[in-house]
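Asker: Okay, here's the structure, questions in a sec.
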Amino acid sequence: MAASMLGWAWGPLRPGVPGVWARGRRLPGPAGSGRSVAAASGPGGAGADRYCLELLRKRDYEGYLCSLLLPTEFRSSAFALRAFNVELAQVKDSVSEKTIGLMRMQFWKKTVDDIYSDNPPHQPVAVELWKAVKRHNLTKRWLMRIIDEREKNLDDKAYRNIQELENYAENTQSSLLYLTLEILGIRDLHADHAASHIGKAQGIVTCLRATPYHSSRRRVFLPMDICMLHGVSQEDLLRKSQGKNVRDVVYDIASQAHLHLKHARSLHKSVPVKAFPAFLQTVALEDYLKKIQKVNFDIFHPSLQQKNTLLPLSLYIQSWRRRY
């Protein structure tokens, strides 16, 4: 298998990979009550922006760094959006029963409905998200799609195939990028297309990076079709096997992330330059894919769990170069 080769022979995208979702017309802005963004300084509003920033810094450090490199006028909205995503992502690991998780997801569905009725609850992330919706007229269905997909993912089941993992990534990570583009005031088909691929790459890489953690909790989420193709059982992954067949599974999955990243970058000449800051997370994705190649696709190698202390500098350089 090519996993043992010095070169990385990436194959073509697998058939059946969903294409970019065409984004619809924006919903009208929140109507009616006349509440202004400036009015959100009461209970739940005071310090809400700081709360989102700290939540992001602790729970999504890479997202925090990328948001810091956005133009100043868009940062607080990006912090709110990513803090919303963190709140949803934390549900699965913070509840002992699925029923409690479903209740939390229901809270966020109602919160989004209330935000678009101009009546957000006095919860820091909700208040900041409401401000972002007011400022940028964000599309409600992307927010709801993220919640719906996170809710479906509360079941502790492995993805049946790579397409199922990509669908999950499209509905969560890509939706997050579509909203980030809206914050930047960009509505462009090529930017959407790039966002779709970057979101899928992000979802796949996140699944790979989380595998050691999931294995320690006796859970496996890697696509079953690829595991079966190489004769890898769940027990192999729970025992943190470093066998060639496990590396081959990781190689195939990492290859798919690499191809999505490559496809997104092939569109850079068509994507508006103003959209590039939304895609800076490609730096962290590429960094992980290079590191996993360097350790010959040993997903449990300790070096993969170490934070890249040069990431802030790499992000800054990429931002300065106006590339993604």
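The values are calculated or read from the model by the stated rules, or taken from the named source; none is laboratory data. Please read these numbers as outputs of a predicted model, since none were measured by experiment. For neighbour counting, all protein chains shown are included, and Cβ atoms are generated from backbone atoms with ideal geometry for every residue, glycine included. Please note that ligands, DNA and RNA were not included when accessible areas were found on the heavy atoms of the full protein model with its side chains. Shrake-Rupley method; radii C 1.70, N 1.55, O 1.52, S 1.80 Å.
Asker: State yes or no: is residue 231 in a helix (DSSP H, G or I) and either within 20 Å of residue 177 (Cβ to Cβ) or not aliphatic (A, V, I, L, M) (or both)?
Answerer: The answer is no for residue 231.
Asker: Take residue 216 and tell me if it is open to solvent by 20 Å² or more (accessible area, probe 1.4 Å) and at pLDDT 95 or above.
Answerer: So residue 216 fails the test.
Asker: Assuming residue 255 fulfils every condition listed in (1) among the hydroxyl-bearing types (Ser, Thr, Tyr); (2) more than 18 Å from residue 166 (Cβ to Cβ); (3) buried (at least 21 other Cβ atoms within 10 Å of the Cβ) apart from one, which condition is it?
Answerer: Of the numbered conditions (1) among the hydroxyl-bearing types (Ser, Thr, Tyr); (2) more than 18 Å from residue 166 (Cβ to Cβ); (3) buried (at least 21 other Cβ atoms within 10 Å of the Cβ), the odd one out for residue 255 is (2).
Asker: Give the residues of region 193-245 that are polar (S, T, N, Q) and farther than 26 Å from residue 261 by Cβ, sorted by residue number.
Answerer: Hits for region 193-245 are 216, 233, 234, 241.
Asker: Going by the conditions given, is residue 162 of a type in the set (Val, Ile, Thr), in the same structural domain as residue 218 (by the TED database) and either out of contact with any strand residue (DSSP E or B) (no Cβ under 6 Å at 6 or more places or on another chain) or within 16 Å of residue 206 (Cα to Cα) (or both)?
Answerer: So residue 162 fits the description; yes.
Asker: Can you name the number of the only condition in (1) outside any helix (DSSP H, G or I); (2) modelled with pLDDT under 55; (3) open to solvent by 40 Å² or more (accessible area, probe 1.4 Å) that residue 11 fails?
Answerer: (3)
Asker: If we scan region 181-190, do we find a residue that is open to solvent by 50 Å² or more (accessible area, probe 1.4 Å) and without any contact (Cβ under 8 Å) to a residue 60 or more places away in the chain?
Answerer: No - not one qualifying residue is present in region 181-190.
Asker: Just to verify a result, which residue in region 103-134, among those that are more than 22 Å from residue 50 (Cβ to Cβ) and in contact with a helix residue (DSSP H, G or I) (Cβ under 7 Å, 6 or more places away or on another chain), is surrounded by the most Cβ atoms within 10 Å (Cβ to Cβ)?
Answerer: The extreme case among them is 112.
Asker: Still on this structure: State which residue is nearest to residue 286 (Cα to Cα) when the search covers only region 59-81 and only residues that are under 16 Å from the mean Cα position of the chain (by Cα) and open to solvent by 30 Å² or more (accessible area, probe 1.4 Å).
Answerer: Here the answer is 62.
Asker: Looking at 222, 237 in this structure, which one is in contact with a Leu (Cβ under 9 Å, 6 or more places away or on another chain), of a type in the set (A, V, I, L, M, F, W, C), touching a residue at least 12 places away in the same chain (Cβ under 8 Å) and not in a helix (DSSP H, G or I)?
Answerer: Checking each option against the conditions leaves just 222.
Asker: Moving on to the next point. Condition (residue is under 16 Å from residue 205 (Cα atoms), polar (S, T, N, Q) and part of a helix (DSSP H, G or I)) applied to region 293-301: is it met by at least one residue?
Answerer: Within region 293-301, one or more residues are under 16 Å from residue 205 (Cα atoms), polar (S, T, N, Q) and part of a helix (DSSP H, G or I).
Asker: Within region 262-286, track down each residue that is surrounded by fewer than 16 Cβ atoms within 10 Å (Cβ to Cβ) and assigned to a helix (DSSP H, G or I).
Answerer: 262, 266, 273, 274
Asker: Moving on. When residue 94 is evaluated against the numbered criteria (1) closer than 30 Å to residue 318 by Cβ; (2) open to solvent by 30 Å² or more (accessible area, probe 1.4 Å); (3) of a type in the set (Ser, Thr, Tyr), which criterion, by number, is the only one it fails?
Answerer: (1)
Asker: Here is a follow-up. Kindly list the number of the only condition in (1) closer than 19 Å to residue 199 by Cα; (2) in contact with a Phe, Trp or Tyr (Cβ under 8 Å, 6 or more places away or on another chain); (3) open to solvent by 60 Å² or more (accessible area, probe 1.4 Å) that fails for residue 322.
Answerer: Just one mismatch for residue 322, condition (1).
Asker: Next up: Examine region 162-171 for a residue that is touching a Pro at 6+ places or on another chain (Cβ under 7 Å), under 19 Å from residue 262 (Cα atoms) and among the acidic types (Asp, Glu), and state whether such a residue exists.
Answerer: Taking every residue of region 162-171 in turn, at least one turns out to be touching a Pro at 6+ places or on another chain (Cβ under 7 Å), under 19 Å from residue 262 (Cα atoms) and among the acidic types (Asp, Glu).
Asker: Which condition from (1) loosely packed, with under 15 Cβ neighbours inside 10 Å; (2) out of contact with any Asp or Glu (no Cβ under 8 Å at 6 or more places or on another chain) is the one that residue 229 breaks?
Answerer: Here residue 229 meets the rest and fails (2).
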